[in-house]
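Enquirer: Have a look at this one.
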Amino acid sequence: MDFRFTKAERLTLQKEFERVFQEGKVFKDAKVVLYVIVNSLPYSRLGLVVSKKVGNAVRRNRVKRLLREVYRLNKHLLAVHIDIIAIPRHSFSSDLKRHDIENGFKKLLLKINEALAHESRHH
């Protein structure tokens, strides 16, 4: 299994973000909101939006690292290739540890599989 998180797997362009926000489906739990859309690539991509409400730059960067790490270790659970934007909720504090968010994140990925598995067949 490949646990790397490469440059290609990052959502970076404004238009890619806009497409996910406009056309994507939303999945939420107590810690994070995920916007998700099926892509036509041979891999999934992750984008992060961390608002200033989360805290100063140090806190925001820690939250981003945590989310990237949880995604990197669990992306193999995805049955479909998707573009995903993760937005931490205000209840997401930077002193959380990886295992605090990992279980919820895994559940969201499995929900995404259920919701989008039929869509990817139509592409």
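Enquirer: Need the failing condition index for residue 55 against (1) buried (at least 16 other Cβ atoms within 10 Å of the Cβ); (2) modelled with pLDDT of 95 or more, just the number.
Expert: Status for residue 55: all satisfied but (2).
Enquirer: Still on this model: Out of all the residues in the range 43-52, which are surrounded by fewer than 18 Cβ atoms within 10 Å (Cβ to Cβ) and among the hydrophobic types (A, V, I, L, M, F, W, C)? Can you show your working first?
Expert: Filtering the range 43-52 for residues surrounded by fewer than 18 Cβ atoms within 10 Å (Cβ to Cβ) gives 43, 49, 51-52.
Across the range 43-52, the qualifying residue is only 49.
Enquirer: Turning to a different aspect of this structure: Here are some conditions: (1) open to solvent by 50 Å² or more (accessible area, probe 1.4 Å); (2) in contact (Cβ under 8 Å) with a residue 12 or more places away in the chain; (3) under 13 Å from the mean Cα position of the chain (by Cα). Residue 98 meets all but one. Which one does it not meet?
Expert: Going through (1) open to solvent by 50 Å² or more (accessible area, probe 1.4 Å); (2) in contact (Cβ under 8 Å) with a residue 12 or more places away in the chain; (3) under 13 Å from the mean Cα position of the chain (by Cα) one by one, residue 98 breaks only (3).
Enquirer: Out of the range 59-77, which residues are within 16 Å of residue 45 (Cα to Cα) and β-branched (Val, Ile, Thr)?
Expert: If the condition is that a residue be within 16 Å of residue 45 (Cα to Cα) and β-branched (Val, Ile, Thr), then 70 is the only one that fits.
Enquirer: Further, regarding this structure: Take the residues in the range 96-109 that are assigned to a helix (DSSP H, G or I) and basic (Lys, Arg), then tell me which one is farthest from residue 30 (Cα to Cα).
Expert: Out of the qualifying residues, it is 98.
Enquirer: Any residue in the range 28-49 that is of a type in the set (Val, Ile, Thr) sitting within a Cβ distance under 6 Å of a residue that is part of a loop (DSSP other than H, G, I, E, B)? List the pairs, counting only those 6 or more apart or interchain.
Expert: 36/24; 37/24; 38/80
Enquirer: Across the range 4-20, what is the number of residues that are touching a residue at least 12 places away in the same chain (Cβ under 8 Å) and open to solvent by 80 Å² or more (accessible area, probe 1.4 Å)?
Expert: 4
Enquirer: How many residues does the range 58-92 hold that are among the basic types (Lys, Arg), open to solvent by 50 Å² or more (accessible area, probe 1.4 Å) and under 19 Å from residue 3 (Cβ atoms)?
Expert: Start the filter on the range 58-92 by keeping residues that are among the basic types (Lys, Arg), which leaves 59-60, 62, 64-65, 68, 72, 75, 89.
Those still in the list that are open to solvent by 50 Å² or more (accessible area, probe 1.4 Å) too: 59, 62, 64-65, 68, 72, 89.
Next, only the ones that are under 19 Å from residue 3 (Cβ atoms) stay: 64-65, 68, 72.
Summing the residues that are among the basic types (Lys, Arg), open to solvent by 50 Å² or more (accessible area, probe 1.4 Å) and under 19 Å from residue 3 (Cβ atoms) in the range 58-92 gives 4.
Enquirer: Can you say whether residue 109 is surrounded by fewer than 18 Cβ atoms within 10 Å (Cβ to Cβ) and hydrophobic (A, V, I, L, M, F, W, C), as far as the supplied structure shows?
Expert: no
The values are calculated or read from the model by the stated rules, or taken from the named source; none is laboratory data. Not measured: the values here are computed from a predicted model. Virtual Cβ from ideal backbone geometry, glycine too; neighbours counted across all protein chains shown. What goes into the accessible areas is simple: the full protein's heavy atoms, side chains included, and nothing from ligands, DNA or RNA. Shrake-Rupley method; radii C 1.70, N 1.55, O 1.52, S 1.80 Å.
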